[in-house]
Amino acid sequence: MDISIRSSGLEDLDLLLKLEQKAFPYFQQSPKRTLDLSLKSTFQQVWIAETFDADGRLTPVGSLILYLYKKTIRIFSIVVDPDYQGKGIGNCLLDHARKIAAEKGAERVSLEAYAEDRKLINWYKRAGFESTELLSDYYEDGKDALRMVWELPQPEDKTRISNVIVVDNPKNWKLELADVEVVSSKEYTSNNERFADRPLRVFNLCNSYKYQSFGYYVSLLASARAHRAIPNVTTIRDFRDVGAIRSIADDIDETIQKSLDKINESKFVLNVYFGQTVDKSYKALGLSLYQMFESPLFQVHFIKTNRWDIKRIVPLSMNKVPVDEQHYIPDFARQYFETKRFQRTKLQNYKYYLAILVNPSEENPPSNKKALKRIEEAADELDIYTEFITKDDYNRLSEFDALFIRETTNVNDYTYQFARKAYAEGLAVIDDPWSILRCSNKIYLHERLKVNNIPTPETIVFYKGMLKEKDLAGLKYPMILKQPDSAFSRGVSKVKDAQEMEESLQRLFKSSDLVIGQEFLPSDFDWRVGVLDNQPLFVCKYFMAKGHWQIYNWKGSKKNQSGEASTLPLHEVPKKVLKAATKAASLMGDGLYGVDLKMLGDKVYVIEVNDNPNIDAGIEDEILGTELYKRIVKSLVTRIEMSRNIERFVSIEPD
């Protein structure tokens, strides 16, 4: 049979719908809206198979929809008209998908097949596909799918350079570095085929970053190609904005004043080369400046009135480096590229890059060291590069695809700023800024739960300046008072009478105009339900600290500061607890939350919804083990891919 395959057009929408309705059971059929999106998508391809019927007319007999990713070509659907099955049309479409995968330099072709259709699965197996994963309830409840993968043959000695230096004239760059390729700005901006599909870190050393210059376009195109540009377009923009420079530099003001304290002049200029300075007395300042304004070579002009301020920052090209300092550049560059974070990528090309924000000095972090190690191992298994970063790495966020915050969050400190910047840079973020904002304030939480009819302990909001002693006397005691931004049992107190209430309120009103009061519900333990993507992830019983009414007793001895904990499989948890937890968490967002609840009799009360929940090895991972960490990493990967390929995740029923 003579079979031809052509690219589809918008006019093929009804044809695609008709083919799916004729060939697929109802639960596998795509809505008309989804097919329409596939035809319009920039990252999908839709193909039509045609042949001549008995009357010599060209007739459509099959279709193929592909998702195009960097390493994977995913077959979303492959359809053959039932009247034409068994005539090689399916093989022809499958071969077409393989051909495209080879042309795009993909490493694999993947698809999902109905698990009960053994004939179809065996057909794929004969074509070289292997089953890799059972996807429960993939199509609908009770309708599972098998994920199947065909790996393309790969050259045995396949290597890809991860670091690229872009200069206007490579002949003027006399430094040779291992695993670093030097190319011209014209070559990088024009040679899309050579660079666009490679995972690159681009160091832009062009002579100028002016608007619409080659240097500007190098960083701009790097962003468009999902390369990690240094400097990126945001940093280039910041170089021109004195207000932005001074605002960003506020975080290192103490270092600036200390480093320049002994300079008697009112002006000072400092050159920073790959994060280092020629004069070692300014080493700390140079490194801090680099972390704030990440650019390979730049010059900082300081001016002093009452104190030192940055007047401007000027990016440098090699030809603008003073002659007597040029000989330092090779060593500085070599040290820079031989750091640990670059060495690791030489061993493996990763799909995505994950930053995990930690505070090594935090006494009670949300994840212990063993848990952090397990996150790293899970990410590595899923082809995700992981690097633990600290608050000093604020301006390195653009190097990554995702941020996972594993130190205690607060809307008034840098953790919130990290979340905001990461989100603005297009990273997938857990905890996202709005979750931090919502969960960190008990006033917001109370109002959000109340208007959605979620049971909570009886709650009163106290307002500063509206406190009357007679009103306090009529309250039910004991009562729990909460500072609106309290966390980990800090800023929470139990008052037993009106006098203690008045004293505690006066103290709390010094930092907030509103204070939360809640009915005291004594219990041996609180339920903690970890929720990720609006689904329960883990469930624990957190028992009260010994001799105390809270989970944490910060005034107790170190060994008795927290109560015991036990982790339960989901099927052993009352359904009411799971339902209340997932509903409450969904009101905060779709991130990672820890919902605290009490169950008294058959009634469930939501106490709090927390962002940044504890995930410690040996406690929260007791049931799922490494699978818990994989689910978190997979969630971040999904968020990355959603932000880049949004139409894949749109599911809108037809009108």
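No lab work stands behind these numbers, since they all come straight from the coordinates. Computed from a predicted structure; not experimentally measured. No Cβ is skipped: glycine too gets one built from the backbone with ideal geometry, and neighbour counts run over all protein chains shown.
Total lysine pairs in region 15-167 at Cα distances under 16 Å, for residues eight or more apart or on different chains: 11.
The GluC sites (Glu not before Pro) of region 416-478 meeting both criteria, a DSSP state outside H, G, I, E and B (loop) and at most 14 other C-beta atoms within 10 angstrom of the site's C-beta, are Glu458.
Name the lysines eligible as straight-distance cross-link partners of Lys370: C-alpha to C-alpha under 17 Å, and not fewer than 8 places from it in the same chain. Correct list for Lys370: Lys630. Taking Lys and Arg as +1 and Asp and Glu as -1, the other residues whose beta-carbon sits under 12 Å from that of Phe274 total -2. Comparing Cα centroids, region 375-428 and region 268-317 end up 25 angstrom apart. Using C-alpha pairs under 8 Å with a sequence gap of at least 6, the mean separation divided by the residue count of region 1-139 gives a relative contact order of 20 percent.
At an R0 of 41 angstrom, the distance between the Cβ atoms of Asn264 and Lys186 translates into a FRET efficiency of 0.30.
Here the scattering of region 1-121 is modelled by Debye summation over its C-alpha atoms, one equal scatterer each and no solvent; at q = 0.11, 0.22 Å⁻¹ the log10 of I(q)/I(0) is -0.35, -1.44. Working note: Karplus 6.51/-1.76/1.60 with θ = phi - 60° gives region 68-83 the couplings 10, 10, 4, 10, 10, 9, 9, 7, 6, 7, 9, 10, 10, 3, x, 6 Hz, where Gly and Pro are set to x. Dividing the summed -39500 (n - 2.57) terms of all DSSP H runs of n ≥ 4 by the residue count of the chain sets its mean residue ellipticity at 222 nm at -9000 deg cm²/dmol.
Of all DSSP-defined beta bridges confined to region 306-456, some 0% are antiparallel rather than parallel. Projecting the Cα atoms of Phe520, Met642, Pro569 onto the dipole axis of the chain, where Lys and Arg carry +1 and Asp and Glu carry -1 at the beta carbon, places Phe520 farthest toward the positive end. For region 369-445, trypsin sites (Lys or Arg not before Pro) are listed when DSSP marks them as loop and at most 11 other Cβ atoms sit within 10 Å of their Cβ; the list is empty. Of the trypsin sites (Lys or Arg not before Pro) found in region 1-60, the ones in coil according to DSSP and having at most 13 other Cβ atoms within 10 Å of their Cβ are Arg57.
The amide H of Glu425, built 1.01 Å from its N in the peptide plane, has no neighbour under 5 Å, considering only residues 5 or more places off or on other chains. Take the Cα coordinates of region 242-281, assign each an equal point scatterer, and use the Debye formula without solvent to give log10 I(q)/I(0) at q = 0.19, 0.25 Å⁻¹. The computed values of log10 I(q)/I(0) come out as -0.72, -1.15. Please report the antiparallel percentage of the DSSP beta bridges confined to the chain, to the nearest 5. The answer is about 75 percent antiparallel. Just tell me which lysines come within less than 24 Å, Cα to Cα, of Lys576; anything on the same chain fewer than 8 places away is out. Partners found: Lys442, Lys450, Lys541, Lys598, Lys603. In order along region 610-615, the Karplus-derived 3J(HN,Hα) couplings, from 6.51 cos²θ - 1.76 cosθ + 1.60 at θ = phi - 60°, round to 10, 7, 6, x, 4, 9 Hz, and Gly and Pro are given as x. The spread of Cα positions in region 365-407, taken along each principal axis and listed from longest to shortest, comes to 26, 26, 10 Å. Evaluated over region 260-317, the count of Lys pairs having alpha-carbon atoms less than 19 Å apart is 7 (only pairs 8 or more residues apart or interchain). Which residues in region 415-451 place their backbone N less than 17 Å from a point set 7 Å from the Cα of Phe509 along the Cα-to-Cβ direction? No residues fall inside that zone. Compared with the direct C-alpha span, the chain from Ala224 to Asn453 gains 77.9 nm at full extension, assuming 0.36 nm per residue. You can think of it this way: the chain between Lys304 and Glu381 has 22.5 nm of extra reach, that is 0.36 nm per residue less the Cα-Cα gap. Considering only Cα atoms, the convex hull volume of the chain works out to 210 Å³ per residue.
Compared with the direct C-alpha span, the chain from Phe27 to Phe388 gains 125.7 nm at full extension, assuming 0.36 nm per residue. The phi-based Karplus calculation (6.51 cos²θ - 1.76 cosθ + 1.60; θ = phi - 60°) puts the 3J(HN,Hα) values of region 124-135 at 5, 5, 5, 7, x, 7, 10, 6, 10, 6, 8, 9 Hz, whole numbers, x for Gly and Pro. Using alpha-carbon positions, what is the distance between the centroids of region 122-156 and region 1-64, in Å? If you average the Cα positions of each part, the centres end up 22 Å apart.
For Lys311, the residues whose modelled amide H falls within less than 5 Å of its own, excluding neighbours fewer than 5 places apart on the same chain, are His301, Phe302, Ile303. Between the amide H of Gly62 and those of Ala49, Asp81, distances stay under 5 Å, these residues lying 5 or more places away or on another chain, with hydrogens modeled in the peptide plane.
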